[in-house]
Amino acid sequence: MKILVIGGGGREHAIIWKLAQSPKVSQIYCAPGNGGIAELAEIIPISAMDIPALVAFAQENSIDLAVVAPDDPLVAGAVDAFQSAGIKAFGPNKAAAIIEGSKSFSKELMKKYYIPTAAYEVFENSAAAIDYVRGNNQFPTVIKADGLALGKGVIIAQDLAEAEAAIRSILDDKVFGDAGARVVIEEFLTGQEVSVLAFTDGTTIRPMVSAQDHKRALDGDLGLNTGGMGTFSPSRVYTNELADECMEKIFRPTVEAMKSEGREFRGCLYFGLILTDNGPKVIEYNCRFGDPETQVVLPRLESDLVDIMLATVDGTLGEVDIKWNDNAAVCVVLASGGYPQSYETGYEISGLEDAEAAGAIVFHAGSKRVDGKLVTAGGRVLGVTAIGKDLDDAIAASYKAAEKISFKDMHYRRDIGVK
């Protein structure tokens, strides 16, 4: 098979790393890819959002399966475009991808189908939103831009001043552009957050092993929110009993609700959960593999990812036996100094071979090759993943490998996996 993977981050590197292990695969292409992905796939210099060019490439090169990994092209209808051209594509169509593309849609879906989530209201007018927050007078409170905002559209306001500033910046100043046409204001929930990704063909649901990530930039969950500074699998708190409860109250009802709405979801559905004193609740849905959760979940997959993806596309997921190993995995993200705010790029990366010799899998998120050298090209540069017999073993292995890598102004958290 010839496979085209769309995207260029650590998640895509992990997906390609797993796909490359399948005996069914003869060639993998990646658009636009990155410096690390180039070792496993042929890099195609086409933007993930240039859907017509991606479809044309797939047609010209007899692609058997397109894997659309990022949220933007999924919400824009990339899967629909591939399917219209007669090319199998893994991922939800545009109608189903709205579950991530619009937070107000997903909240209204949960409300309609009694799926547990935080109480909320939706506003398009800043004065009305501020009046609501003022009258509600509950802090902290969560303020979200309705659309896709690169994972940065969520503000946890600690007081009224912060809430007013967040609402005005989103609705009036348009700091997130069209993604901020509406805001969702939610009650703040407390509890441990757990990520559960699930394969689904619209009928069958196959949850993957659990994971937890660290969003804040600094140790102790301090600093600004990022796209993720590290992750680990399995969660220490997500028990088999909780998994059963989530299947009954969240996973199955969500998939059935989407089908009832005429938006059958096929692909990877990400459940961002919070374990409250009143049971598990949904914080958010994503319409694709999480990043960096993918970097610890897929290394624990023993089955052929190609078989699973094809069954998901074809509606035969119920016929596939999916096996996971009992090991633990930890991924430490090595970031550019200054991330998630301003940072410099173009610094040479060294020590990768030593890290891999120590047993780690190094997934590239923001790297590129310049004159034969690997240099930094993003905020999150590398994800250093290690496997261990348990979490403590995997944590030690991941940090041992991370210490062998260096680039100017590199920084990373020292407490990944200890939640």
Percentage relative contact order, the chain, counting C-alpha pairs under 8 Å, at least six apart: 16
Cα centroid separation, the range 189-224 to the range 253-329 (Å): 11
Stretch gain in nm, segment ARG134-ASP244, where the contour uses 0.36 nm per residue and the Cα spacing is subtracted: 35.7 nm
Write out the GluC sites (Glu not before Pro) in the range 124-185 meeting two conditions: DSSP loop, and at most 15 other Cβ atoms within 10 Å of their Cβ. GLU124
Ordered by residue, what ³J(HN,Hα) values in Hz, to whole numbers, does the range 299-315 give under the Karplus form 6.51 cos²θ - 1.76 cosθ + 1.60, where θ = phi - 60° and Gly and Pro are x? x, 9, 7, 9, 7, 6, 5, 4, 4, 5, 5, 5, 5, 5, 5, 7, x
In square angstrom, what is the accessible area per residue of the range 161-247 with a 1.4 angstrom probe? 41
Volume per residue, Å³, of the convex hull around the alpha-carbon atoms of the range 209-330? 131
Rg and Dmax [Cα atoms of the range 57-130; Å; Rg one decimal, Dmax integer]: 17.0, 54
Arranged from highest to lowest average of other beta-carbon atoms within 10 Å per residue, in what order do the peptides 76-84, 57-65 appear? 76-84, 57-65
Please go through the residue pairs LYS152/LYS215; LYS152/LYS174; LYS152/LYS408; LYS112/LYS249 and name each one whose alpha carbons sit more than 18 Å apart in this structure. LYS152/LYS408
In a Debye calculation with equal point scatterers on the alpha-carbon sites of the range 360-419 and no solvent, what is log10 I(q)/I(0) at q = 0.18, 0.24 Å⁻¹? -0.67, -1.04
Using a 1.4 angstrom probe on the protein heavy atoms only, could you order THR294, THR117 from most to least accessible area? THR117, THR294
Heavy atoms only, 1.4 Å probe, whole protein assembly: order ARG413, ARG206 by accessible area, highest first. ARG206, ARG413
Assuming a viscosity of 0.692 mPa s and a temperature of 37 °C, what translational diffusion coefficient in µm² per second does Stokes-Einstein assign to the range 1-89, Rh being the Kirkwood radius over Cα pairs? 261
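With N residues in the chain, what two-decimal value do you get for its Cα radius of gyration over 2.2 N^0.38 Å? Working shown, then result.
On the way: Rg = 20.6 Å, N = 419, 2.2 N^0.38 = 21.8 Å.
Rounded to two decimals, the normalised Rg is 0.94.
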For the chain, the percent of accessible surface on carbon and sulfur atoms (probe 1.4 angstrom, ligands and nucleic acids excluded) is 46
Could you compute how fast the range 110-243 diffuses translationally, taking Rh as the Kirkwood radius over C-alpha pairs and applying Stokes-Einstein at 20 °C with viscosity 1.002 mPa s? Give it in µm² per second. 128
Return the subset of LYS111/LYS259; LYS144/LYS281; LYS18/LYS259 for which the Cα-Cα distance in this structure is over 21 Å, preserving the input order. LYS18/LYS259
Using alpha-carbon positions, what is the distance between the centroids of the range 84-134 and the range 1-67, in Å? 29
Cross-link pairs beyond the 32 Å C-alpha cut-off, checked among LYS24/LYS404; LYS2/LYS389; LYS2/LYS323: LYS24/LYS404; LYS2/LYS389
With every protein chain present, what is the per residue accessible area of the range 1-160 (1.4 Å probe, Å²)? 40
For the range 307-419, the Cα-Cα pair-distance distribution in 5 Å bins from 0, as whole percents, is 2, 12, 18, 17, 14, 11, 10, 9, 5, 1
Using a 1.4 Å probe, how large is the accessible area of LEU310, given in Å² and rounded to the nearest 10? 40
Once R0 is set to 35 Å, what does the formula 1/(1 + (r/R0)^6) return for the Cβ-Cβ distance between ARG168 and VAL370, expressed as a FRET efficiency to the nearest 0.05? 0.25
Would you compute, from DSSP H runs of 4+ residues alone, the mean residue ellipticity of the chain at 222 nm, taking -39500 (n - 2.57) per run and dividing by the full residue count, rounded to the nearest 500? -7500 deg cm²/dmol
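The values are calculated or read from the model by the stated rules, or taken from the named source; none is laboratory data. Just so you know, these numbers come straight off a predicted model, no measurement behind them. Don't worry about glycine lacking a Cβ; one is built from the backbone with ideal geometry, like all the others, and counts go over all protein chains shown. Quick note on the areas: whole protein, heavy atoms, side chains included, nothing else; ligands and nucleic acids left out. Shrake-Rupley method; radii C 1.70, N 1.55, O 1.52, S 1.80 Å.
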